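Trainee: Before I ask anything, here is the structure I am working with.
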Amino acid sequence: MKQFDEQVVLNKAMHIFWEKGYEKTSMQDLVDHMGIHRRSIYDTFGDKHELFLKSLDCYEFQLNQIINQQVTQDMTIKEKLETLFLSVSSVNNESPKGCLIVNSAAELSLLDEPIKKKIQELFDKSEMYLYQLLVEAMKKGEISKNKNLQELASYLHNAWVGIRVLAKTTNDQSKLPTIVKTTLSIIK
């Protein structure tokens, strides 16, 4: 019988991967940070690679929960997008800087095919989410009927990824809201 909560220790693994990256996280780092034995990690989550993929799923789930709490139906499309962009760009002391998905894309997409596929799947989902928000907004008359929503969703997704890179790399957090505002000026 397991003496630990799988979600709790998976969350700990996610945080150490987020903080250090996949390559710089050793199995000993995982053992120390997760607070369970190496054998328990292998028995429960598989090898480091499998644990990392499960950590990405955990991160996606948590990010979606935050988005679902913050983005409400009564918001305008600009308010929804601004909330999305700023939620991933804000820095809090409880989480590492940046976004685990974007960090992983930069670190591993050229080196690891299964992770590349996983990252692409996650990016496709987030772009589809943006597209669905835009479709709803067009139905409400918030976006011009002549906009190509697929192209706009791709553009906004690219900007959303870029904001997450800046959130990790910039020390000037006051830049991010200005960049978001300028990016969203395309919505008419």
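The values are calculated or read from the model by the stated rules, or taken from the named source; none is laboratory data. Values in this document were obtained by computation on a predicted structure and should not be read as measured data. Positions of Cβ are backbone-derived with ideal geometry, glycine not excepted, and every protein chain shown enters the neighbour counts. What goes into the accessible areas is simple: the full protein's heavy atoms, side chains included, and nothing from ligands, DNA or RNA. Shrake-Rupley method; radii C 1.70, N 1.55, O 1.52, S 1.80 Å.
Trainee: Is it the case, given these coordinates, that ASN148 is of a type in the set (S, T, N, Q) and in contact with a Pro (Cβ under 9 Å, 6 or more places away or on another chain)?
Mentor: No: the conditions fail for ASN148.
Trainee: Turning to a different aspect of this structure: What number of residues within the range 1-25 are over 15 Å from GLU107 (Cβ atoms) and not aliphatic (A, V, I, L, M)?
Mentor: The number of residues fulfilling the criteria is 9.
Trainee: Here is a list: THR183, THR169. Which entry is surrounded by fewer than 18 Cβ atoms within 10 Å (Cβ to Cβ) and within 23 Å of the chain's Cα centre (by Cα)?
Mentor: On inspection, the qualifying residue turns out to be THR169.
Trainee: When you scan the range 79-89, do you find a residue that is under 15 Å from the mean Cα position of the chain (by Cα), at pLDDT below 90 and more than 18 Å from PHE61 (Cβ to Cβ), even just one?
Mentor: Yes, there is a match, as at least one residue in the range 79-89 is under 15 Å from the mean Cα position of the chain (by Cα), at pLDDT below 90 and more than 18 Å from PHE61 (Cβ to Cβ).
Trainee: While we're looking at this one, here's another question. Output the residues belonging to the range 43-81 that are part of a helix (DSSP H, G or I) and of a type in the set (D, E, K, R).
Mentor: Matches in the range 43-81: ASP43, LYS48, GLU50, LYS54, ASP57, GLU60, LYS78, GLU79, LYS80.
Trainee: Now for a different question. Determine whether GLU79 is open to solvent by 70 Å² or more (accessible area, probe 1.4 Å), under 30 Å from GLU136 (Cβ atoms), among the acidic types (Asp, Glu) and out of contact with any strand residue (DSSP E or B) (no Cβ under 8 Å at 6 or more places or on another chain).
Mentor: Spelling it out, GLU79 is indeed open to solvent by 70 Å² or more (accessible area, probe 1.4 Å), under 30 Å from GLU136 (Cβ atoms), among the acidic types (Asp, Glu) and out of contact with any strand residue (DSSP E or B) (no Cβ under 8 Å at 6 or more places or on another chain).
Trainee: Still on this model: Does the range 126-135 include one or more residues that are part of a helix (DSSP H, G or I) and over 25 Å from THR72 (Cα atoms)?
Mentor: no
Trainee: Scanning for something buried (at least 19 other Cβ atoms within 10 Å of the Cβ) and modelled with pLDDT of 95 or more, does the range 134-141 turn up at least one residue?
Mentor: Yes, the range 134-141 has at least one match.
Trainee: Kindly provide the set of residues from the range 19-66 that are within 17 Å of PRO114 (Cβ to Cβ), open to solvent by 20 Å² or more (accessible area, probe 1.4 Å) and either basic (Lys, Arg) or free of Cβ contacts under 8 Å to residues at least 24 places away in the same chain (or both), ordered by number.
Mentor: Correct list: ASP47, LYS48, GLU50, LYS54, ASP57.
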